[in-house]
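In what follows, a structure is listed as structure tokens, so that the remarks can point back to it.
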Amino acid sequence: MIANHGYKDGSGEYYISLDTDKCSLCEEHGCLDGCPGQVFEIEFDDWDEEVATVRTGARNKLKQICAACKPVSGRPPRLPCQLACVADAISHSW
Ligand code: SF4
Ligand code: SF4
């Protein structure tokens, strides 16, 4: 399942999508330490499997929190969270 967390406002859409099928097979949980903004946490889903999610307090602040990783020019091809997730389960809408 693809779980989308975030919001949209007048300036754009700011969603992080997580492939929870990949998370349920993940043992490293690299996203937790790999994100300097502490965006992610692990929860149990409806099937009692451990999956990543975006913590509640970050969901409506993603543009602001992620700004440090997303310079206007010279943005890296892969973000720190994506580098930390060996399963390639994380994508961003902006
Ligand atoms: S590292 Fe990737 S696959 Fe593992 S829990 Fe985090 S987002 Fe999911
Ligand atoms: S872009 Fe940076 S702050 Fe945003 S989720 Fe990824 S690692 Fe965390």
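Read-outs throughout are calculated quantities, based only on the coordinates presented, and are distinct from any laboratory measurement. Model, not experiment: these values are computed from the prediction. Because the Cβ atoms are built from the backbone with ideal geometry, glycine has one as well, and the counts that use them run over all protein chains shown.
Among the residues of region 1-21, not one is in contact with a Cys (Cβ under 9 Å, 6 or more places away or on another chain) and more than 16 Å from ligand 2 (Cβ to nearest atom). Of all residues in region 50-83, those being surrounded by 14 or more Cβ atoms within 10 Å (Cβ to Cβ), over 12 Å from the mean Cα position of the chain (by Cα) and over 19 Å from E13 (Cβ atoms) number 1. The requirement of being away from ligand 1 (no atom under 15 Å from the Cβ) and either of a type in the set (F, W, Y) or assigned to a loop (DSSP other than H, G, I, E, B) (or both) is satisfied by D46. Among the residues of region 2-42, those identified as assigned to a loop (DSSP other than H, G, I, E, B), surrounded by 12 or more Cβ atoms within 10 Å (Cβ to Cβ) and free of Cβ contacts under 8 Å to residues at least 24 places away in the same chain are H29, Q38.
Within region 45-69, being in contact (Cβ under 8 Å) with a residue 24 or more places away in the chain and either of a type in the set (D, E, K, R) or more than 10 Å from ligand 2 (Cβ to nearest atom) (or both) holds for D45, E49, E50, V51, A52, T53, R59, N60, K63. Taken over region 10-42, the criterion of being out of contact with any helix residue (DSSP H, G or I) (no Cβ under 6 Å at 6 or more places or on another chain) and closer than 11 Å to L62 by Cβ is satisfied by G12, E13, Y15, I16.
Given the conditions (1) under 10 Å from the mean Cα position of the chain (by Cα); (2) within 11 Å of ligand 1 (Cβ to nearest atom); (3) among the aliphatic types (A, V, I, L, M), and given that V86 satisfies all but one, which numbered condition is not satisfied? That leaves (1) as the condition not met.
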